[in-house]
Amino acid sequence: MKHITSYAHIKHRRLTANGSLIFDGSSSGSLPEFLTDAYRAQGMSYPKYHKMDTLCKLGMLCMEAAVKESGMLTEYPLDKIAIVLANAASSMDTDRVHQASISDKAAYFPSPAVFVYTLPNIVIGEIAIKYKITGENAFFVSECFDAGLLLNYLEALFHGETQAAVCGWVEADGDAAEAFIFLVEKSNKSSNFKPLNQEAITELYNQ
Amino acid sequence: MVFTSYSNIISPLGFTSQENYQAIRAGKTGVQNMVLPFSKEPFCVASIGEAEFEKQISKVRGASAHTRLEALSILSIGDVLAQSGIDPADRRTLLIYSTTKGNIDILEGRYPSIPSERAYLPAFAKHLQDYFKFAHTPVVVSNACISGLLAVIIAKRFIEQGTYDNVIVCGGDILSEFTISGFKSFNAMSAEPSRPFDANRTGINLGEAVATLLVTNKKELSAPYHTEIVSGASANDANHISGPSRTGEGLLQALQNTLKDQSTEDVGFISAHGTATPFNDEMESIAFERAGLSGIPLNSLKGYYGHTLGAAGVLETALSLEAMKHQELVRSEGYAAKGVSGNIRVIESHQPKSYSAFIKTASGFGGCNAAALFRRTINHIDR
Amino acid sequence: MDALIEKLKGQIIEQLNLAEVKPEEINPDSPLFGEGLGLDSIDALELIVLLEKHYGIKIEDPKDGKTIFQSVRTMAEYIKSQGKS
């Protein structure tokens, strides 16, 4: 029996974990300010964070919030934890920045530190590095949050080596910024957690 | 069992898998020095020639309504549908599209009459769905340079789970100023045809290609290659977003999970990722040695096609299936002298060989790695 | 030279997004790579972009970066030697 054991959201510039508010930046400030303030509010100390693009920052903030209230990282071998994420805009937010850096021939300064973020799965890589998770990876791109697709793929992974998973939706496109991360564990312990199914994923996403 | 079925490769070397294989057998390469529309300086790339492109897309319905990648994808998917007789409207059939950048050239303002929304991957995929009338919304996989191989593995997993009977896996990426300028800023581009695993390798060539492979549980559709997708896995280095692990951790883990409980005695070759950057090839050689695969001959196809990004895993799998069907090993183009520390055996000439399995691997930005094992289901040789 | 070093510190912090580092925390003679600022291979390439963008200096062979980017002072000396400060 697989369960969803923890989850976190960033929606309307509010960061919440398992339904509790962690940081509220909804009434003031820009998106970059929110991303910095929410990082500080969580007491994170990870200087690399500031080098990341919006997509990765959203993923890191949500992951930190979700994993803080979970024992997943110590209860499962890190090579048996999968990371499966999805969004609609891929890396479009950073694609535009890179495109702008090459559109003026007189000021042609493509930056490697920008270009590397023009792949959506870099957020998986950043999470993997920070939490030393080395299991299965997949990044899907779909028009809107697709609980069925994620559930299908998680079920397939749990048939193999995977024993736990970081899963969710991380979207950055201009001012639109949203993230939802949930942790799934395959364990035989009796549990008060929600069993993994499409209704549960959808319900949590819509919270 | 999950089988590989019909395939197609569209590249500078041809518009079918067979054409591509024959071109490689004849010693051709798609990589050349050329001046691209957006730059005065020449780049060493593998580009599909304009004349051939125009000729081929005249076969596509409403050609001007599609971007370059859409038109090439329609040709490639269309070829596999025609060969296999699969009905895209069948509810048991899915399209998985693998790409890193999709219609990225829309951002360059190349298509005034095409809605800019199609720069978004879901809209791109929807365009292909509408063209062929696929029953399901295509699944898009965008996982850097392992996208193609990962898409093949995902196809197998979905079929085993019972969700679908047939999955059409299409991988594609075009040459664009976007990717060329980016890789150049990384100082990763070679000014000459790339030399995977060679002592004098200096970096990658970028290439464009679209490749399609039908993955199915229907034995009667396995006739083209009589080959099963035995196993596959992905893993992350958890080391650096652009630099591979120095010790090949992630690739080793992907190989170990793929080869768990599997004999490698009948494995004829490894189709490696082999981008020809100093660090990548070094990392791969270490991972192969650590996985105990030093004795198995190995090639990289990047010397023929350049790095085709989201297409690479599908293209290189299809080409390797052709090689196994012909019971041949394909030379690793660009290789002359070993330039990696891991113990590997690079294939230096085309040659006949009896074997019934091969391993395909891929590695990419974000620390991702993937591996898969393909094995023949019959023993007769159809050379 | 000191003014150039101070200017470079600010530019490095900005170009490399070292949000938690203050200019006075950067010792101009300390190694930029390895311990200390925690810079990596992407940062090395970004420093090349910095020199081109702010000083019009093109480094064709990134291997030259090894000596140029040893410390903020060696960077400043290199810029001076190119007559670009």
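Computed values, structure above
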{"quantity": "Subset of region A:23-51 (residues that are in contact (Cβ under 8 Å) with a residue 12 or more places away in the chain and buried (at least 21 other Cβ atoms within 10 Å of the Cβ))", "calculated": "A:Phe34, A:Leu35, A:Ala38, A:Tyr39, A:Lys51"}
{"quantity": "Residue in region B:297-308 that is within 14 Å of chain A (Cβ to nearest Cβ) and within 27 Å of B:Val169 (Cα to Cα) present", "calculated": "yes"}
{"quantity": "Which numbered condition A:Ala156 misses (of (1) of a type in the set (Gly, Ala, Ser); (2) facing chain B (nearest Cβ under 8 Å); (3) buried (at least 24 other Cβ atoms within 10 Å of the Cβ); (4) not in a loop (DSSP other than H, G, I, E, B))", "calculated": "(3)"}
{"quantity": "Sole residue being assigned to a strand (DSSP E or B) and either within 21 Å of A:Leu150 (Cα to Cα) or in contact with a Lys or Arg (Cβ under 8 Å, 6 or more places away or on another chain) (or both), chosen from A:Ile22, A:Ile83", "calculated": "A:Ile83"}
{"quantity": "Residues that are more than 7 Å from chain B (Cβ to nearest Cβ), crowded, with 24+ Cβ neighbours inside 10 Å and over 22 Å from A:Lys48 (Cα atoms), drawn from region A:120-152", "calculated": "A:Leu150"}
{"quantity": "Residue list for region B:242-251, filter: buried (at least 24 other Cβ atoms within 10 Å of the Cβ) and either more than 13 Å from B:Ser363 (Cβ to Cβ) or more than 8 Å from chain A (Cβ to nearest Cβ) (or both)", "calculated": "B:Pro244, B:Gly248, B:Leu251"}
{"quantity": "Matching helices (runs of 4 or more DSSP H) fully within region B:109-228 where at least 1 residues are over 24 Å from B:Thr67 (Cα atoms) and within 20 Å of the chain's Cα centre (by Cα)", "calculated": "B:147-160"}
{"quantity": "Residue that is farthest from B:Val80 (Cα to Cα), among those in region B:165-190 that are at the interface with chain A (Cβ under 7 Å from one of its Cβ atoms) and among the hydrophobic types (A, V, I, L, M, F, W, C)", "calculated": "B:Phe186"}
{"quantity": "Failed condition for B:Gly162, given (1) within 12 Å of chain A (Cβ to nearest Cβ); (2) in contact with a helix residue (DSSP H, G or I) (Cβ under 6 Å, 6 or more places away or on another chain); (3) of a type outside the set (Lys, Arg); (4) free of Cβ contacts under 8 Å to residues at least 40 places away in the same chain", "calculated": "(2)"}
{"quantity": "Condition check for C:Glu14: within 14 Å of chain A (Cβ to nearest Cβ), assigned to a helix (DSSP H, G or I), surrounded by fewer than 19 Cβ atoms within 10 Å (Cβ to Cβ) and free of Cβ contacts under 8 Å to residues at least 24 places away in the same chain", "calculated": "yes"}
{"quantity": "Region C:49-76 residues that are more than 12 Å from chain B (Cβ to nearest Cβ) and closer than 22 Å to C:Pro23 by Cβ, paired with ones that are of a type in the set (Val, Ile, Thr) and not in a helix (DSSP H, G or I) (beta carbon under 8 Å, 6 or more apart)", "calculated": "C:Leu51/C:Ile57; C:Leu51/C:Ile59; C:Ile68/C:Ile59; C:Val72/C:Ile26"}
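Residues checked against (1) modelled with pLDDT of 95 or more; (2) closer than 30 Å to B:Pro37 by Cα:
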position: A:Gln42; (1), (2): yes, no
position: A:Thr54; (1), (2): yes, no
position: A:Cys62; (1), (2): yes, no
position: A:Leu78; (1), (2): yes, no
position: A:Asp95; (1), (2): yes, yes
position: A:Asp104; (1), (2): no, yes
position: A:Pro120; (1), (2): yes, yes
position: A:Val123; (1), (2): yes, no
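The values are calculated or read from the model by the stated rules, or taken from the named source; none is laboratory data. It should be emphasised that the depicted structure is a prediction, and the values quoted were computed from it without experimental measurement. Positions of Cβ are generated from backbone atoms using ideal geometry, with glycine treated the same way; all protein chains shown enter the neighbour counts.
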